[in-house]
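Computed from the coordinates by the stated procedures, all read-outs in this text should not be read as laboratory data. Everything numeric in this text was worked out from a predicted model, so none of it was measured. Note: ideal-geometry Cβ built from the backbone for every residue, glycine included; neighbour counts use all protein chains shown.
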Amino acid sequence: MSMFSRFDKDLKHANGCLHEAADMFFHPIPEDIFHKWDHNHPPFPGPKLTKVRVECKGEEKKEEKKEEEVKVTVKVEEKKECSCAPPKNIRIYPCFEVIEAYDICESEWHPTMKDYTADKIWQLHVYLPGVAKDKVIVDILDKTLVVHGQGVFHTHCGMWPEHIEHCCDCTRKEPTCFCKKFALPDNCKVHESRVEFEKEVMVIRIQRG
């Protein structure tokens, strides 16, 4: 006979509590220190009875489906101007930075300048003999290129002819401020501008495309 043959009876007498049933079965002597455990716990759930419905073959099973209405609220934001658009006013020499627009006032005198336009590039040559590189500034205001700064004016012999190196011994060389603007052609990539010095000639190159 199995030792657990009367456990179901003990469990019944213990009102379904496994703790009390275990005390009665394993520790029946009251003097046993393990005879009485703390039984302060929620009642054990009883067995759940599940009703099984047996349907005949001829009976049709009808299921009703309830469709839930889902309301979707779409928040339409106002179209804002893209903040990643390139700035229209920038300084490309001596540094590349965003600047504020200003009124362009061309001077009566300016160093000799010559622009060249091609399909893929636009160039400007600025002849600056005897002029320090940090005395010249090149800006782009929207579609206008502005070259301004301080040049050297020969008061006695005047300006030198284009493409001819000036080698006079004139002692009256006065620093003179100048400003000259140029209209840029279409499709200029101002962010790909380059400004370089080739000896005493400033060369400005702007890609097109």
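Residues in the stretch 107-128 that are under 38 Å from the mean Cα position of the chain (by Cα) and not in a strand (DSSP E or B) were compared, and the one that is nearest to H154 (Cα to Cα) is A118.
Report, ordered by the first and then the second residue, all pairs with beta carbons closer than 8 Å, sequence separation of six or more or different chains, a first member in the stretch 108-124 that is free of Cβ contacts under 8 Å to residues at least 24 places away in the same chain, and a second member that is surrounded by 12 or more Cβ atoms within 10 Å (Cβ to Cβ) and polar (S, T, N, Q). Pairs found: Y116/Q123.
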